[in-house]
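Below you'll find the structure, written out as C-alpha cells, and then a few comments.
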Amino acid sequence: MASAFKQHAFQTDDPALRPIYDKVMAGVRLNFDDGLSLYRTGDVLALGWMANHVRERMHGNKTYYNVNRHINPTNVCVAACRLCAFGRKKDVAGAYTMALDEAFQTAASGYTEAVTEFHIVGGLHPDLPFQYFLDLISGLKQRFPQVHLKAFTMVEVAYLGKRAKLSIRETLTQLKAAGVDSLPGGGAEIFADRVRHIICDHKIDGDEWLQTAKTAHQIGLKSNATMLYGHVENDEDRMDHLMKLRALQDETGGFQTFIPLAFHPENTALEHLPKTTGMLDMKQIAVGRLVLDNFPHIKSYWQMVSAKMAQISLRFGADDMDGTVIEEKIYHDAGATTPQGMRRQELERLIRAAGREPIERDTLYRPVTRTETSVTVAV
Ligand code: SF4
C-alpha cells in the first residue's frame, strides 16, 4: 500500500545535519559524533525526515502491533532501584506474589481476544525458588500452547541464576526447556556506570546485561533491547548505550526490536525530575532508527509516550506500536495516565490515521491472520 503522505524533499537549517543526510542517503553507518549532532539539533523535522526515510526503506508503510497480555507474577523486589515505582519490599503494603494458579487465571482472564503473546516480567523476589518460575512457564505453555512466552528480563535471568547457583547459560537453557520462547528487553536502562549508580545501583551492570543477552542469543532465544531515557543521563550516555547495542547486534543478530522507554518519575525516588518532553520522545525514536542500522524494528511503546505521540512517531522512525497489553502495571505505578490496554480496532485506527498500514504480528514478526473463528500465524 502506498503511503498516504508523500515525503517532501529534505531541507534543514542545521548545517551539522547535512553530512549526516549524505550518509543516510548512501546507507553509510553513523558514528558516535553523528549521534550527538542528532540529539543536539533543534531541527527535529529534518531529523524525523531522515529517520522516516530509513523506516520506509526498511518497512515501507507497514506498522506492526500485536495482541498481548502482560503478566507480572510478583512486585516483590530486593533491588530498590530509584527509577522504579513498581517494586516493593516483601511484607509492605501493596506487595503481592501470585500463586501459580493465580498467574494461570490472570493469563486466562485476558485471553478473550486470542492473545498471541504473554509478556512476563516481575521483581527480584528473594524467596521464590527457581522451580516456581520453571513451573509458571511450563504451566502456561501447557494451558496456552499456541501463545508465545516472552519472559524475564536479563536482570531477572541473572538474579534467578545467582539464587539457583547456576551459570547464565544453564539458567537460560532451563528456562528455554520449560517453554520460554524469547526475552523482553527490559532492565537495560542506561549502560553507563555513572548513571546506573544513581538510578539502579543494585542491578546487574551494563556489561552483565549485554553478556546475558549475548548468551540468550547464542542459545537461540531472540530478545529486545530497551533504553530508559529522560532522567540523569546525557547525550554521551545515550550514544554509548546505542553503540554498545549495535556492536552486540553485529555479533549475534539476536535483537529484534529497540524500545526507547520514557522515564516516568511519579512515585519513584527520582520524583523531583521532570517528565520527558514530546521533543525528546520523538528525537529518541528517530536517533534510535538512524544509529541502530542493524536492528530490524523500532518500537514506540504507546503506554509510555501516550497513544497520540506513538502515532506521530510512526513518521519519526518507529514501525511498531507494541500491543493491546491488557492491564499494564509497571508504568501505571509510576504515574502513566494512558489506558491500561487498548483493543485491536483502536490500535489499527490510530495506525491508519497516521497513513500507515497496520499489520498484526506475532512476537517474531510473522503476520497473524484472523477470521471470526480462528487465528493463524504465517510461518
Ligand atoms: S526496576 Fe526492576 S529490579 Fe529495579 S526495583 Fe523495580 S522491579 Fe526491582
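Kirkwood-type hydrodynamic radius, the range 50-105: 15.0 Å, calculated from all non-identical alpha-carbon pairs. The three principal axes of the Cα atoms in the range 1-94 give end-to-end lengths of 59, 36, 21 Å, sorted in falling order. Taken as Cα centroids, the range 278-313 and the range 342-373 sit 18 Å apart, rounded to the nearest whole angstrom. Each Lys and Arg Cβ is given +1 and each Asp and Glu Cβ -1; about its Cα centre, the chain then shows a dipole of about 580 debye. The trypsin sites (Lys or Arg not before Pro) of the range 239-299 that meet both conditions, a loop assignment by DSSP and at most 15 other Cβ atoms within 10 Å of the site Cβ, are Lys275.
For the range 14-131, the Cβ-based charge dipole about the Cα centre amounts to some 240 debye (Lys, Arg positive; Asp, Glu negative; other atoms uncharged). Per residue, how large is the accessible surface of the chain? Use a 1.4 angstrom probe and give square angstrom. Spelled out: the 1.4 Å probe surface of the chain, per residue, equals 40 Å². Summing Lys and Arg as +1 and Asp and Glu as -1 over all other residues whose Cβ lies under 11 Å from the Cβ of Ala16 gives a net charge of -3.
Centre-to-centre separation between the Cα atoms of the range 131-206 and those of the range 246-264: 16 Å. Extents of the range 128-250, taken as max minus min of Cα coordinates on every principal axis and listed largest first, are 45, 27, 23 Å. In the complete set of protein chains, residue-level accessible area for Ile198 is approximately 60 Å², probe 1.4 angstrom.
Using a Gaussian network model of the chain in which every pair of alpha carbons under 10 angstrom is joined by a spring, one finds that among Lys176, Lys141, Lys165 the greatest mean-square fluctuation is at Lys165.
The apolar share of the surface of the chain, taken as the fraction of accessible area on carbon and sulfur atoms (1.4 Å probe, ligands and nucleic acids excluded), comes to 54 percent.
Can you tell me which aspartates and glutamates have their Cα less than 12 Å from the Cα of Lys150? Leave out same-chain residues fewer than eight positions away. Once the sequence-local aspartates and glutamates are set aside, what remains near Lys150 is Glu117, Asp181, Asp362. Across Leu364, Leu149, Leu140, mean-square fluctuation computed from a Gaussian network of the chain (C-alpha pairs under 10 Å connected) peaks at Leu364.
Across the cross-link table entries Lys222/Lys244; Lys90/Lys275; Lys283/Lys308; Lys141/Lys176, which are compared at the Cα atoms, the separations over 23 Å belong to Lys90/Lys275. Bridgeable aspartates and glutamates around Lys62 (alpha carbons under 12 Å apart, same-chain partners fewer than 8 residues away excluded): Asp319, Asp320, Glu348, Glu357, Glu360. Each other residue within a Cβ distance under 10 Å of Ile168 adds +1 if Lys or Arg and -1 if Asp or Glu, for a net charge of +1. Mean-square fluctuations from a GNM of the chain, with a 10 angstrom spring cutoff on Cα atoms, peak among Gly161, Gly123, Gly185 at Gly161.
Less than 5 angstrom separates the built amide H of Leu228 from those of Glu189, Ile190, Leu261, all sequence-distant by 5 or more or on a different chain.
Accessible area of Val78 (1.4 Å probe, protein heavy atoms only, ligands and nucleic acids ignored): about 60 Å².
A compact globular protein would have a Cα radius of gyration near 2.2 N^0.38 Å; the ratio found for the range 197-273 is 1.20. Isolated cysteines in the chain, defined as those with no second cysteine Cβ under 4.7 Å, comprise Cys77.
Only one residue of Ile359, His241, Leu210 has its Cα farthest out toward the positive end of the dipole of the chain, where Lys and Arg carry +1 and Asp and Glu -1 on Cβ, and that residue is Ile359. In the chain, the alpha-carbon atoms span a convex hull of 130 Å³ per residue. The GluC sites (Glu not before Pro) found in the range 202-273 that occupy coil by DSSP, while having at most 13 further C-beta atoms within 10 Å, are Glu271.
The values are calculated or read from the model by the stated rules, or taken from the named source; none is laboratory data. Keep in mind that what you see is a predicted model, and the values were worked out from it rather than measured. Here the Cβ is made from the backbone with ideal geometry for all residues, glycine too, and neighbour counts use every protein chain on show. Heads up: the accessible areas ignore ligands, DNA and RNA and are worked out on the full protein's heavy atoms, side chains in. Shrake-Rupley method; radii C 1.70, N 1.55, O 1.52, S 1.80 Å.
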